[in-house]
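What follows draws every value from the coordinates through simple rules; no lab data is involved. This is a predicted model, so every value here is computed, not measured. Cβ atoms come from the backbone with ideal geometry, glycine included; neighbour counts cover every protein chain shown.
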Amino acid sequence: MSYLLNALSMLVELAFDAALTLLLLRLLAEACRADFNNPLSQFIYRYTNPVLAPLRRVLPNWRRINLAAVLLAWLAMVLKRLLLFTLLGVMPHVAGLLVLALAELVDFVLVFYLVLIFGWSLLSMFAVDRRQPLLRLAGSIVEPLLRPLHGKLVAGNIDFAPMAVMLGLLLARLLVAAPLLDLGMRLSLAG
């Protein structure tokens, strides 16, 4: 692949990943009932609402999960993968493209949580203002994953719950996302 195609691929991935991050933050903030008075939450709602509002009329929430955000994130992943295949000059099979987009979305969510838990854990070791908007939003998103293990994996004054959850997320990437990615890639390029 030429240097120009590498640069274009990187820009496509960066643009779509930024949009996916915003949609994922919206989805998780709603599901975890993050504080709406947080300025960061208001920013996320303000910039995702014009796209999600029309879809929410058709797709209602299901058990606090914004189905419109899930659908839009998956469609964005389909479009991203289609653009990347087009840059390579390959036309993928539709079924493979749909499976590949789902697999990449699952992997994106797992990596997102890994980064969020790592950053939140790292910041919690320092004397940081707990009212800081980013820390409050991250804490409310991370808390549901850590709650089942909270206080059960403590040695001294160190809580190993974040490390255990991160290990579980890494295993999910290896055992769930990777096989789905392989299947999607095989289906996309079959024939």
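Brief remarks follow.
- The stretch 46-60 versus the stretch 1-30: alpha-carbon centroid distance in Å: 20
- Taking the Kirkwood radius as Rh and the Cα radius of gyration as Rg, the stretch 35-77 has a ratio of Rg/Rh equal to 0.99.
- Near GLU13: Cβ cut-off under 11 Å, other residues only, Lys/Arg at +1 and Asp/Glu at -1. The net charge is 0.
- Loop-located trypsin sites (Lys or Arg not before Pro) in the stretch 47-138 (DSSP state other than H, G, I, E, B) with a sparse environment of at most 11 neighbouring Cβ atoms within 10 Å: ARG63, ARG64, ARG130, ARG131.
- Net length gained if the chain between LEU59 and MET163 were fully extended (0.36 nm per residue, minus Cα distance): 33.9 nm
- Averaging Cα coordinates gives a centre for the stretch 146-182 and one for the stretch 68-141; these two points are 17 Å apart.
- Net charge of neighbours whose Cβ lies under 14 Å from the Cβ of VAL90, counting Lys and Arg as +1 and Asp and Glu as -1: +2
- Inverting the pair-averaged 1/r between distinct Cα atoms of the stretch 82-191 gives 16.1 Å as its Kirkwood hydrodynamic radius.
- Semi-axis lengths (Å, descending) of the ellipsoid that matches the C-alpha gyration tensor of the chain: 32, 21, 16
- Computed across the stretch 1-60, the Kirkwood radius stands at 13.3 Å (inverse of mean 1/r, all Cα pairs).
- Å³ per residue enclosed by the Cα convex hull of the stretch 53-120: 128
- The stretch 17-95 gives an Rg/Rh value of 1.07, both radii derived from C-alpha positions and Rh following Kirkwood.
- Qualifying chymotrypsin sites (Phe, Trp or Tyr not before Pro) for the stretch 1-76 [loop in DSSP, other Cβ within 10 Å: at most 11]: PHE36
- With the convex hull of the Cα atoms taken as the outline of the stretch 85-140, the averaged projected area works out to 5.6 nm².
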